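To keep things clear, I will list the structure first and then write my remarks on it.
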Amino acid sequence: MSAAEQEPQPLAGPDGPAPAGAAGPTAESRSRGLLVQGALALALWAAHPVIIVAVPDTALRTADHRPLLIVVGVWIALLAMWFARALARPASSAALALAHRLPWIALGGAWMILWQMTTAKLDWLSPPYFASPEVLIEALRGDADLLASSLGASSLLFLTGYALGSVMGFATGLLMGWSRRADYWLHPLLQSIGPVPAASLLPLALLVAPSTFASAVLIIAFGAWFPMATMTRAGVRAVPRSYIDAARTLGASEGFLVGRVAVPAALPDMLTGLFTGLGTSLAALMTAELVGVDKGLAWYINWVKGWADYPRMYVGLVVLVVFCRALMILLFKLRSSLLAWQHDLVRW
């Protein structure tokens, strides 16, 4: 083994690999840092239930503390087990994952204390515009069935429109990227109608579609179609000519060139189109549910806001945030699966 191979490699930090020649943290320093940060996070979260029980409520609107205490207690127990496992094996994947998340976990504990003190305990943020964690949990429990049905309606509507728009955008972009004649006729149309906000087309969609559901699907699909078509076209046109010539020299057919050369080479751009289309489609979903659809998360949020029931409105917003976050995680999982060859080459 050469001397270069025997030298320890620099450890990757939160901002990327350490510069050459920089000494990486030792196992002892990593364990010490994990101990200090983990103890701080546990202390902050443990202080929260103490404040709930020990400090009296002064807000006009309060709720039963027991559900919140159960939730926080379960989380503290899970965090303590995770922390103990990480201390026992500082080099394990569980320890590395915990060390990466500890600043956010500590911030979450501090935020819960601040939230509890400024609402239920000191009444600095007074009802009806602000509510304590207990009140939000009570609102969630009371509207669980309606929230579940609203989430299901939004999921069905969004996934239908997003899938339709992504498929149509892929087909349009592939056609424009591969055929110069198709690009001559379609690209000016893409440049003209593509940037139009999807929400502005809702009146037209309501006019031509047979139902409000179909009209909502159309504008959601339009939101996903434009970025997917644009990025697919750019990716296909950026395929190196040498790839095409080499495949043709070996006797590849036109279908093989498209399916086995152009599409795989353009896949990173297509996934960028999917990520961009996700945001525009979600914006179209919110508009459709606020204007033309009588159920869904945006409809629920607008409905309870009309009754000035702000705790239920906040609960709806939290469910919406979780829904959007789940969609983003699924796309990242898809990206990691399809572009496994880019591992350690491209950072997202």
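The values are calculated or read from the model by the stated rules, or taken from the named source; none is laboratory data. Everything numeric here is computed off the predicted structure, so don't read it as measured data. Every residue, glycine as well, gets a Cβ built from its backbone with ideal geometry; the counts of neighbours run over all protein chains shown.
Which pairs do you get when a residue that is closer than 15 Å to Thr280 by Cβ, found in region 161-181, comes within reach of a residue that is of a type in the set (Val, Ile, Thr) and surrounded by fewer than 20 Cβ atoms within 10 Å (Cβ to Cβ), reach meaning Cβ atoms under 7 angstrom, with the pair 6+ apart or on two chains?
That search, which allows pairs on different chains as well, returns nothing.
Quick one: Leu96 ticks every box in (1) loosely packed, with under 13 Cβ neighbours inside 10 Å; (2) in the same structural domain as Thr62 (by TED's automatic domain parsing); (3) over 21 Å from Ala43 (Cβ atoms) except a single one, so which number is it?
The single condition Leu96 does not satisfy is (1).
Name every residue in region 55-81 that is of a type in the set (A, V, I, L, M) and either modelled with pLDDT of 95 or more or farther than 19 Å from Trp124 by Cα (or both), in order of residue number.
Within region 55-81, Leu68, Leu69, Ile70, Val71, Val72, Val74, Ile76, Ala77, Leu78, Leu79, Ala80, Met81 qualify.
Which of the residues spanning region 281-318 are more than 14 Å from Leu157 (Cα to Cα) and of a type in the set (S, T, N, Q)?
Scanning region 281-318 gives a single hit, Asn302.
So, of the residues in region 191-231 that are hydroxyl-bearing (Ser, Thr, Tyr) and assigned to a helix (DSSP H, G or I), which turns out to be farthest from Leu174 (Cα to Cα)?
If we take residues in region 191-231 being hydroxyl-bearing (Ser, Thr, Tyr) and assigned to a helix (DSSP H, G or I), then Thr212 is farthest from Leu174 (Cα to Cα).
Would you confirm whether any residue within region 244-262 is at pLDDT 90 or above, in the same structural domain as Leu164 (by TED's automatic domain parsing) and either among the basic types (Lys, Arg) or over 25 Å from the mean Cα position of the chain (by Cα) (or both)? Outline the logic, then answer.
Step one: of region 244-262, the residues at pLDDT 90 or above are none.
For region 244-262, residues at pLDDT 90 or above, in the same structural domain as Leu164 (by TED's automatic domain parsing) and either among the basic types (Lys, Arg) or over 25 Å from the mean Cα position of the chain (by Cα) (or both): absent.
Mind telling me which of the residues Ala39, Ala23, Ala4 ends up being over 20 Å from Leu136 (Cβ atoms) and either modelled with pLDDT of 85 or more or under 30 Å from the mean Cα position of the chain (by Cα) (or both)?
So the residue among Ala39, Ala23, Ala4 that is over 20 Å from Leu136 (Cβ atoms) and either modelled with pLDDT of 85 or more or under 30 Å from the mean Cα position of the chain (by Cα) (or both) is Ala39.
Residue by residue through region 287-304, note down the ones that are modelled with pLDDT under 90 and part of a helix (DSSP H, G or I). First the steps, then the outcome.
Step one: list which residues in region 287-304 are modelled with pLDDT under 90, which gives 287-295.
Thr287, Ala288, Glu289, Leu290, Val291, listed by residue number.
Hey, could you check region 174-216 for residues that are surrounded by 14 or more Cβ atoms within 10 Å (Cβ to Cβ) and under 25 Å from the mean Cα position of the chain (by Cα) and say which is nearest to Leu271 (Cα to Cα)?
Among them, the one singled out is Gly194.
Which of the residues belonging to region 127-182 are hydrophobic (A, V, I, L, M, F, W, C), within 30 Å of Leu60 (Cα to Cα) and assigned to a helix (DSSP H, G or I)? Before the answer, list the steps.
First, the residues of region 127-182 that are hydrophobic (A, V, I, L, M, F, W, C): 130-131, 135-137, 139-140, 144, 146-148, 151, 153, 156-159, 163-164, 167-168, 170-171, 174-176, 178, 182.
Going one step further and asking which of them are within 30 Å of Leu60 (Cα to Cα), we end up with 130-131, 135-137, 139-140, 144, 146-148.
The answer is Val135, Leu136, Ile137, Ala139, Leu140, Ala144, Leu146, Leu147, Ala148.
Exactly one of (1) within 23 Å of Tyr314 (Cα to Cα); (2) crowded, with 16+ Cβ neighbours inside 10 Å; (3) in contact (Cβ under 8 Å) with a residue 60 or more places away in the chain; (4) under 27 Å from the mean Cα position of the chain (by Cα) is unmet by Trp115. Its number?
(3)
Only one of these is under 30 Å from Pro240 (Cα atoms) and touching a residue at least 24 places away in the same chain (Cβ under 8 Å): Met328, Met270. Name it. Before the answer, list the steps.
On the way: Met328 fails: under 30 Å from Pro240 (Cα atoms).
Matching residue, one of Met328, Met270: Met270.
Scan region 210-226 and tell me whether some residue there is in contact with a His (Cβ under 6 Å, 6 or more places away or on another chain) and either at negative phi or at pLDDT 95 or above (or both).
For region 210-226, residues in contact with a His (Cβ under 6 Å, 6 or more places away or on another chain) and either at negative phi or at pLDDT 95 or above (or both): absent.
When you scan region 100-112, how many residues do you find that are buried (at least 18 other Cβ atoms within 10 Å of the Cβ) and either outside any helix (DSSP H, G or I) or in contact with a Pro (Cβ under 9 Å, 6 or more places away or on another chain) (or both)?
Final tally of qualifying residues: 1.
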